[in-house]
Structures are given as structure tokens and as C-alpha cells.
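Heads up, the thing below is written out as C-alpha cells.
The values are calculated or read from the model by the stated rules, or taken from the named source; none is laboratory data. Note that the structure is a prediction, hence the values are computed from the model and not measured. Note that each Cβ is placed from the backbone with ideal geometry, even for glycine, and that neighbours are counted across all protein chains shown. To get the accessible areas, we keep the full protein, side chains included, count just its heavy atoms, and leave off ligands, DNA and RNA. Shrake-Rupley method; radii C 1.70, N 1.55, O 1.52, S 1.80 Å.
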Amino acid sequence: MKSSICVIGLGYIGLPTASLLATKGYKVTGVDINPRVVDSINQGNVHIVEPDLDVLVRSAVNSGNLVAANEPVRADIFILAVPTPFLADKQPDTHHVEAATRAISAEIAEGNLIILESTVPVGTTEAIVAHTLFDLRPELRDKIAIAHCPERVLPGQILRELIENDRVVGGIDARSTERAVDFYREFVSGEVLATDARTAEMAKLTENSFRDVNIAFANELSMICDALKINVWEMISLANRHPRVNILNPGPGVGGHCIAVDPWFIVASAPEHARLIRTAREVNDHKPHWVLDKVRHKAERFKRPVIGCLGITFKADVDDIRESPALEIVQALMAMPGMDVLVNDPYATRVQAFDLLPVDEVIQRADIILVLVDHKPYRKLSAASLKEKMVIDTRGMLV
Ligand code: SAJ
């Protein structure tokens, strides 16, 4: 008989994970504090745009193996997939992890496995999850397994990567690691790699910092090349023909709730050593301001310029606007006097502050086209079709 599982947090990680496990035959209770999310999932609907997730959730709910609830229930395995944002001073905010741990504490019994999938500062699995549980339930010390297995899936490819990616699993002790490794091996086709909790925590932060540092390099090059009147996209594609060079793509800045956040957890833990990691964050955070300066400069040629913005999500082909540099730029432009700002995004649905217009209308009415996201529907646009317009292409989509 398959284990019963309680997944806490039904967001971008928890919902796909809960649904996948349900379709693999586990009895899954998905828990979220938002009653609207719970109702919508129980009706077989999804509140997130992710390819094929709607089909997976529907089939998980219809099979009877996935039920959403507002409160945790007893289970063999608990998976915590709650957000870990940062505070205004860039210090990690782990209160959701602590709240989720407290919420499950009364439902836990001897022999249970508790897994933290949220990205967390080094030491959190031990200092928050284990400490809170043993504090509230001292009789369970040495009788439950606790491990960190950081999620690694790429928004836009979550369902494939949930199964195919290698996983890093680190327990608070050897027995916890072994239990958690055995569990992931039941449904992951990638390798499941065993370590300790602290190393697993740092490995996850390192993966996202690696990408942040490399995107910062590309973004820095884009600003240098602009000053030197060199086409950065052509230059990078030429440099990348070297067998050991692989530069990423410049853009309007780095967004999302992961890469723009997680490096700060390393900086907060070791501020005196994390110099490159901090600078990369600063370079990427500066890029939207640089784009705004470009727009301001070009706008000077018009009496009352109309800026047509293409895309507001944090990256191509997702609906997620969290920490989106494109949205930051659009909102800053809207706050500037003397210009009109028109916006299109084929996927974003949850913007309340302004209206989204059809792409053809935005292009037709704009003096300056500002490409902020390289969504698929935009890729049919060509430099030739926009030749009447002034174009600022932060993604190199039209080159
Ligand atoms: N970006 C660029 N240039 C690039 C690549 C990305 O400007 O060449 C920008 C994107 O437009 C976006 C941001 O970086 O604003 C982040 O996008 P992304 O696709 O690199 O990453 P995320 O945030 O969607 O997902 C990352 C992934 N981590 C790594 O690739 C190391 C994913 O595997 C993680 O699971 C996820 O963070 C997470 O949840 O931690």
C-alpha cells in the first residue's frame, strides 16, 4: 500500500508535486491557507498557468487521490512547499516555514517523514523545522525523519523536470536521509543524491546564484556594449562560438521569486565573503533603471510620446509577474509625466493597476516599442514589421 502524503502549500511547487504524486497512486491531501485555492482545486481547476498542469490536476482530483483542504491531516509523509521571500533589508523571511511546521506538528506521529522542499537559508531544516517539531512534540525525537530536498523545477517545464531532474536530499541525520532518498526514488527518474541537510540547502542556493551571477555578466556586457556602440547579441553569439564560453542572455533585469531572491540568503549568511554574489544581485537589480534611462532618452524626441510595452511577466511564456523587472519598468514609466504607456501581455491575467491592450493596438498606437519579454506570440514580429517605430529591445528578440 502506498504512503499517504500531506503537501503544505499549493503554489507553483506544491500543486504540481501533490498532483503528480496523486496520479502515481499516493493518497494526497494538499493544504493551502487560501480557501479560494482549495475550492478551485477541489473542483479540478488550477490557479496557476503552467503547461499541462490543468490536465494533471483534473486527473488527480477525478481519481479521488488528491483532495485539497485548509488544515493539515494525518499522513505518513509531509512535504512543506511554502514561500520563502526576503524582508525589506534583504534578510530571509522564513516565517511561512515555521508556521507550516507548527501547523503539521499536531498531526505528526512516530515513523513519519517530514520533507522541506522550500528554498531556505543554510541551517533552516535543523534550526526551524526540526527544532520547532521537537520543541512541540519532544516525545517524537529520534522517532521521525526530517530532510531537505530542494525543488529545482523550471517554471514552464515543471511537470517534466519534477520527474526527470536529479534531486539532492539531505537529512538531519543518516536515517532521515535514507528515508527521504527512498521516497524520491519511487517517482523520480533522475538520480537521487544523498547528502546532509546543510549541504543540500547550500547546493540549492548555489544553483540559483550561479545563474544570477552569469546573467549579471550578460547584463553588464549589454551596458558596456551599448556604451561602445556594439550589438551585444551579435557579440555574445560570436564569443559563444569559443568551445568553453557560454554567455547567457541579457534582459531587462532578473525576476521571479527564486533567482532574484535566493542569492540574498547566501549574502545574509556570510556577508563578508559573498562579494561577487552580492555584486551580481546589484548589477541585475540596476538593469531596469538602465532600461528606464534609455526610454527616457529616446522619448525626448517626441512631444508626448506613446510607449508600447510588450510583456510584463518575469520571463517568457509564463503568467507570473512576481518580482518582474518588466512590470517594474512599466509601472515606473506610468508614473512619469509627459508620456502615455500602453501595455500588452498575452499571459498575465492578474494585473489590476492598469488595462492590458491587444498587441496590434499597442504596436499601431506606439511611437516607441519597448520589448520587455520574449513571449512566443511576439516572436513573429520582425524588425521590418516595426520599421516605422523606434524600438528598444531588451531581450534581443528582433535582432
Ligand atoms: N534571465 C535572463 N537571461 C537569461 C536567463 C534568464 O535575463 O539568459 C532572466 C529571466 O528572464 C527571468 C530570470 O532571469 O527574469 C529567471 O529566469 P530563469 O528561467 O533563469 O529561472 P526561474 O526563476 O524561472 O527558475 C529558476 C531555476 N534555477 C536555475 O536554473 C538554476 C529553476 O531550476 C529553479 O527551480 C527555480 O529558479 C527555483 O524555484 O528556485
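On the chain, 53 percent of the accessible area sits on carbon and sulfur atoms, based on a 1.4 Å probe. The antiparallel fraction among DSSP beta bridges confined to the chain stands at about 5%. The mean sequence distance of close C-alpha pairs (under 8 Å, at least 6 residues apart), as a share of the length of the stretch 205-393, puts its relative contact order at 20 percent.
Under the definition of Cα pairs under 8 Å and six or more residues apart, what whole-number percent is the relative contact order of the chain? Result for the chain is 11 percent.
In the chain, helices alone account for a calculated mean residue ellipticity at 222 nm of -12000 deg cm²/dmol, with every DSSP H run of four or more residues adding -39,500 (n - 2.57). How far, in degrees from 0 to 90, does helix 95-105 lean away from the longest principal axis of the Cα atoms of the chain, to the nearest 10? Tilt relative to the chain: about 20 degrees. Between Ile33 and Glu107, the C-beta separation translates, for a Förster distance of 22 Å, into a calculated FRET efficiency of about 0.90. Remark: relative contact order (the stretch 4-195) = 18 percent; criterion is Cα-Cα distance under 8 angstrom and separation of 6 or more residues. Accessible surface computed residue by residue for the chain, with neighbouring protein chains in place and a 1.4 Å probe, gives 46 Å² per residue.
The label point for Ser269 and the one for Glu161, both projected 7 Å from the Cα toward the Cβ, are 2.0 nm apart. Exposed loop sites were defined as GluC sites (Glu not before Pro) in DSSP loop states (anything but H, G, I, E or B) carrying at most 16 other C-beta atoms within 10 Å; in the chain the longest segment without such a site runs 1-106.
Loop-resident trypsin sites (Lys or Arg not before Pro) (DSSP state other than H, G, I, E or B) in the stretch 292-399 with no more than 11 further Cβ atoms inside 10 Å of their Cβ: Arg301, Lys303, Arg350, Lys387. When both bridge partners sit in the stretch 4-195, DSSP labels roughly 10% of those beta bridges antiparallel. Sequentially through the stretch 217-234, phi angles give Karplus couplings (6.51, -1.76, 1.60; θ = phi - 60°) of 4, 5, 5, 5, 4, 5, 6, 5, 5, 4, 5, 8, 6, 10, 6, 5, 5, 5 Hz, Gly and Pro residues having no value and appearing as x. Against the chain, whose longest principal axis is taken from its Cα atoms, helix 14-23 shows a tilt of about 60°. The calculated FRET efficiency for Ala203 paired with His242, based on their beta-carbon distance and R0 = 25 Å, is about 0.35. A straight Cα-to-Cα reach below 27 Å connects Lys380 with the lysines Lys229, Lys287, Lys294, Lys298, Lys315, Lys389, residues fewer than 8 places away in its own chain not being considered.
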